[in-house]
Amino acid sequence: MTNQAVLGVLAIIGALAAVFLVVFAALGTYHAVSGSGMRDNMGEMIKGIRGMTGDGMGDMMDGMNGMDGMMGGGGPETTGSASGRGEVRIASFRFQPTTMNVTRGTVVVWTNDDSATHTATAKDASFDTGRLDQGKSSQVTFDRPGTFEYVCNFHSRMTGRVVVGP
Ligand SMILES: [Cu+2]
């Protein structure tokens, strides 16, 4: 190679390097400017994913409730009454009786006959049996008059109520 050729090659390399520098600088500026935009987009995307997940969960819960239906949930509501001591059996994903009328001071015992774990949890948080595995019982004393709606923490369609007389 002649010296001139070498100089020529160096000049081309120099020019390319200059072009790279300009492009890099431009990219750097672009990223700096678009950084917040990117974050917003990410935020939107995450919101979108959350929305999708929410819907997905909703669908899943519907599916679960459908399963409850197959397993006997959503059957006819039943009513019972007791004084002193009353018993609610949990069977086939239902509280039986669904409505329990009791006199003040009555102890209500929930017993889970299902293989699935259930709870009887007051919607107003006034009582909670906690987790009831198969065969387990838990009792609550009702001293206060009123209607106490409750639900199973694991199966939102499982609902019942205790009505305490005056
Ligand atoms: Cu349950």
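Only the coordinates and a few stated rules stand behind these numbers; no lab work does. Note that the structure is predicted; figures quoted are calculated from it, not measured. For neighbour counting, all protein chains shown are included, and Cβ atoms are generated from backbone atoms with ideal geometry for every residue, glycine included.
What do you reckon, is Thr141 outside any loop (DSSP other than H, G, I, E, B), of a type in the set (Val, Ile, Thr) and more than 29 Å from the chain's Cα centre (by Cα)?
Yes; evaluated as a whole, the condition is true for this residue.
Look through segment 144-166, keep the residues that are within 16 Å of the ligand (Cβ to nearest atom) and assigned to a strand (DSSP E or B), and return whichever of them is surrounded by the fewest Cβ atoms within 10 Å (Cβ to Cβ).
Only one residue fits best here, namely Glu149.
Any idea how many residues of segment 94-138 are in contact (Cβ under 8 Å) with a residue 24 or more places away in the chain, hydrophobic (A, V, I, L, M, F, W, C) and assigned to a loop (DSSP other than H, G, I, E, B)?
Qualifying residue count, segment 94-138: 2.
Looking only at segment 83-93, which residues are assigned to a strand (DSSP E or B) and either more than 10 Å from Phe142 (Cβ to Cβ) or within 16 Å of the ligand (Cβ to nearest atom) (or both)?
Selection gives Arg85, Glu87, Val88, Arg89, Ile90, Ala91.
Could you please tell me which pairs satisfy a Cβ distance under 9 Å, a separation of 6+ or placement on different chains, a first residue in segment 139-154 that is at positive phi, and a second residue that is part of a strand (DSSP E or B) and surrounded by fewer than 18 Cβ atoms within 10 Å (Cβ to Cβ)?
Gly146/Val163
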